[in-house]
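These notes concern the structure reproduced below.
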Amino acid sequence: MRSVLVALVLLVACGGHKPVPKRLVVEGDLGSWKYRRFQGPLLDVEVWIEGNKGEAYSASYITSDAEKTGHIEDKDVVNVTVTSYEKPDGVVRETVKLARRLAQEKGYQVDEEKISGVRALTIKGPAESWVMWPSKRHVVKVGGQGRTSVPGSVVESYGDRYPSKLPGGSLEGPLPPGPEDKPKKGEDKPKYDPNAPTPNIDNYDPKKVKIPEKKVETDDPAPEDKPDPKADPKKRPKKK
């Protein structure tokens, strides 16, 4: 018991986040929201990243009142989907791209907000409401059909396990960098030719290497064509 209390104190003191669940979603109650169902792995992921395979896992939660009465409507259910990728490359970029595409579609309203301390993208459509954010190698989506809002307590719980990596102003500013922005190995380097090596202008010793000056062509005559002012005018060569 004492070791557990010490661990909790250290966790709070260090400002650490809760660990990622074994199957990515919280398979337990979140306050007044009661855990109901688990699904996964799902290979048909919403945020698709080329060259970066993802698997999704989902959990459903219902209100405590709905659990008591046994009468469940869409507004009583919140679904959470967590998609895990092999690597973080492109996770933030593709999440933002998806949100921008939805913002251009008729019927969707997409904004960037902070919900319970989590910077996220809010997506509202006809009779549905969602919150989505990228987190290193994961994308988290919380919400459901028949809802006009998303409970902040559920967002906060998952945000503590999956800290948001969404940059501020992501909907209006330039897209976050992705794998395609990084030069591939050897892509920008020409093959070495011993007969015609390419000089490295950025890294050279000016004391040892002298870079030839660039000649600028002018309309002035060449030195040999200019008349000698000291020469006898009668002996100067006639102009052609």
Taking amide H positions as placed in the peptide plane 1.01 Å from N, state which residues far from LEU166 in sequence (5 or more) or on other chains have amide H under 5 Å from it. none
Are any of the pairs LYS22/LYS97; LYS53/LYS136; LYS75/LYS124; LYS18/LYS53 more than 19 Å apart by Cα-Cα distance, and if so, which? LYS22/LYS97; LYS18/LYS53
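Roll a 1.4 angstrom probe over the protein heavy atoms and tell me the percent of accessible area of segment 46-173 that is carbon or sulfur.
Its accessible area is 44 percent carbon and sulfur atoms.
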Rounded, prolate or oblate: which fits segment 1-151, taking a ≥ b ≥ c as square roots of the Cα gyration tensor eigenvalues, rounded meaning a/c under 1.5, else prolate when a/b beats b/c? oblate
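The values are calculated or read from the model by the stated rules, or taken from the named source; none is laboratory data. Remember, predicted model here, so these are calculated numbers, not experimental data. Surface accessibility is based on the protein's heavy atoms, side chains included, excluding ligands, DNA and RNA. Shrake-Rupley method; radii C 1.70, N 1.55, O 1.52, S 1.80 Å.
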